[in-house]
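One structure is given below, encoded as structure tokens.
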Amino acid sequence: MSSRAVRSIPVLASGGGNLSANRTLSLDNATITSLSRADSAVQPARTITTGDGLSGGGNLSANRTLSVDSSVVRTSRAINTGTGLSGGGNLSANRTLSLDKATITSLSRADSAVQPARTITAGDGLSGGGNLSANRTLSLDKATITSLSRADSAVQPARTITAGDGLSGGGSLSANRTLSVDSSVVRTSRAINTGTGLSGGGNLSANRTLSLDNATIASLSRADSAVQPARTITTGDGLSGGGNLSANRTLSVDSSVVRTSRVINTGTGLSGGGNLSANRTLSLDKATITSLSRANSAVQPDRTITAGDGLSGGGNLSSNRTLSVDSSVARSNQFNRSGGSQGGQDILGQNRFQWGFASITASGKAQRVNFPMSFNSTCACVTANHIGTGPVVVIVGDRDASGFDCRVTRLDGITSGELSINYIAVGY
């Protein structure tokens, strides 16, 4: 038993240890990352085949360099313009050949100048020339047609080789490109080493199968019937000291178990107590029974006094209760005011009602009117009316905690003379 308890699980990745506790073996992050890349890794047998115009292909057992062969036209190849032409240059850009100005002028005069003795000579790559005494048909010769048939499928400099996952070095064919396997690809020289208890490791030049060795398998076959440290002794009701077998366990009667020496004492109103070495029957004494007969009609502590609207302090009768008038009820000492032709009155704390009069010195002009008392925060509304006769319009403008703007306009066209108003304002 002892030798099996310290047997180590081989480290495949992480989570190993001896069998004194449950173990969970997991591949570590580095191994998982390597395996995720290995699924899509290019194997040495993968082949890069060179198409028409390329050379240097082969499988990936060695580095390969792809090169453009001599059948492909380089961007350095030039189109030279002869006499009468313009617009030549190398093939690094599109070229447009045009007749120059002198040639165009000459051609405009040549409409009737072509004589039968004029000769059309078939140049390099052409056949069928001769003088104009007969119709002539110029054709591409066989060698030119063969070259053009290859040109249709030739790889152009703009063609791109893209380096896929695990490769670097791609790009367009305007320059030589060398594709290389990057550092994310596992080489065949990479080895899987087996730890204690495992067999079957080696490098990645071939498939590898990791297996438990014979000694490990023999140990595991004996471990199936062994009592493991995780086996648990559970304590029932009234017991303590249980746990798994990773350490010695001592079971004891816990504090919830009552010993026979425990005594039930009878308090006032009860009889029949004693220790628990025998059954005990507790009974109400005669005086208690008499009191209970009167308690049937008594008001109980759970009887509730509910505070109605405007009151606070209710509750059940488990303690003394004091009912009071709450803050929603206005008291006589909450109405403070200053009187006279203008003044104000506070209502229920922060609310304020004000009144007053003012003289407006000119018709049609706004004038500031100050309240007898400033509001604590803001003026909610103001209304004003004219004192006197004659058609007028009273307009209340901007207002704040200390006053408001007022404009009084006569409708009879008179602009001189004072105009009086009364106002009422409410705020808080």
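The values are calculated or read from the model by the stated rules, or taken from the named source; none is laboratory data. Quick caveat, the model's predicted, so the values are computed rather than measured. A quick note on method: Cβ atoms are made from the backbone with ideal geometry, for glycine too, and the neighbour counts reach across all protein chains shown.
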Here is a list: Ala247, Ala218, Ala278. Which entry is of a type outside the set (S, T, N, Q) and assigned by TED's automatic domain parsing to the domain that holds Asn22? Ala218
Being exposed (fewer than 12 other Cβ atoms within 10 Å of the Cβ), in contact (Cβ under 8 Å) with a residue 12 or more places away in the chain and not in a helix (DSSP H, G or I) is the requirement here; does Arg259 meet it? yes
If I filter region 168-192 down to residues being of a type in the set (D, E, K, R) and assigned to a loop (DSSP other than H, G, I, E, B), which single residue comes out as farthest from Ser92 (Cα to Cα)? Arg190
Under 9 Å between Cβ atoms, which residue pairs at least 6 apart in sequence (or on different chains) link something in region 160-179 that is within 10 Å of Leu66 (Cβ to Cβ) with a partner that is of a type in the set (Asp, Glu)? Gly169/Asp182
Boolean, Gly88 is more than 49 Å from the chain's Cα centre (by Cα) and free of Cβ contacts under 8 Å to residues at least 40 places away in the same chain: yes
Which pairs turn up if I take residues in region 201-226 that are without any contact (Cβ under 8 Å) to a residue 12 or more places away in the chain and look for partners that are not in a helix (DSSP H, G or I) with beta carbon separation below 6 Å, at least 6 apart in sequence or on another chain? Gly201/Ile192; Gly201/Asn193; Gly201/Thr194; Gly202/Arg208; Thr209/Gly200
Conditions (1) surrounded by 11 or more Cβ atoms within 10 Å (Cβ to Cβ); (2) within 20 Å of Leu148 (Cβ to Cβ); (3) not hydrophobic (A, V, I, L, M, F, W, C); number of the one not met by Ser55: (2)
If I ask for residues that are surrounded by fewer than 17 Cβ atoms within 10 Å (Cβ to Cβ), modelled with pLDDT of 80 or more and in a strand (DSSP E or B), which ones from region 331-354 would you list? Gly343, Gln345, Ile347, Asn351, Phe353
Over region 99-126, the set of residues surrounded by 11 or more Cβ atoms within 10 Å (Cβ to Cβ) and touching a helix residue (DSSP H, G or I) at 6+ places or on another chain (Cβ under 9 Å) is Leu99, Gly125, Leu126
Given the conditions (1) at pLDDT 95 or above; (2) among the aliphatic types (A, V, I, L, M); (3) over 15 Å from Gln342 (Cα atoms), which single one is not true for Val382? (3)
Would you point out the residue of region 277-319, among those that are under 30 Å from Thr260 (Cα atoms) and of a type in the set (D, E, K, R), that is nearest to the chain's Cα centre (by Cα)? Arg280
Yes or no: Asp302 farther than 30 Å from Val227 by Cβ, among the acidic types (Asp, Glu) and in contact with a Ser or Thr (Cβ under 8 Å, 6 or more places away or on another chain)? yes
Can you find even one residue in region 206-227 that is in a loop (DSSP other than H, G, I, E, B), more than 30 Å from Gln43 (Cβ to Cβ), under 47 Å from the mean Cα position of the chain (by Cα) and not aliphatic (A, V, I, L, M)? no
Hey, can you tell me all the residues within region 1-39 that are of a type in the set (D, E, K, R), in a loop (DSSP other than H, G, I, E, B) and either at pLDDT below 85 or more than 20 Å from Thr216 (Cβ to Cβ) (or both)? Arg7, Asp28, Asp39
Could you check region 377-425 and list, in sequence order, the residues that are buried (at least 16 other Cβ atoms within 10 Å of the Cβ) and under 56 Å from the mean Cα position of the chain (by Cα)? Cys379, Val382, Val396, Arg399, Gly403, Phe404, Ala425
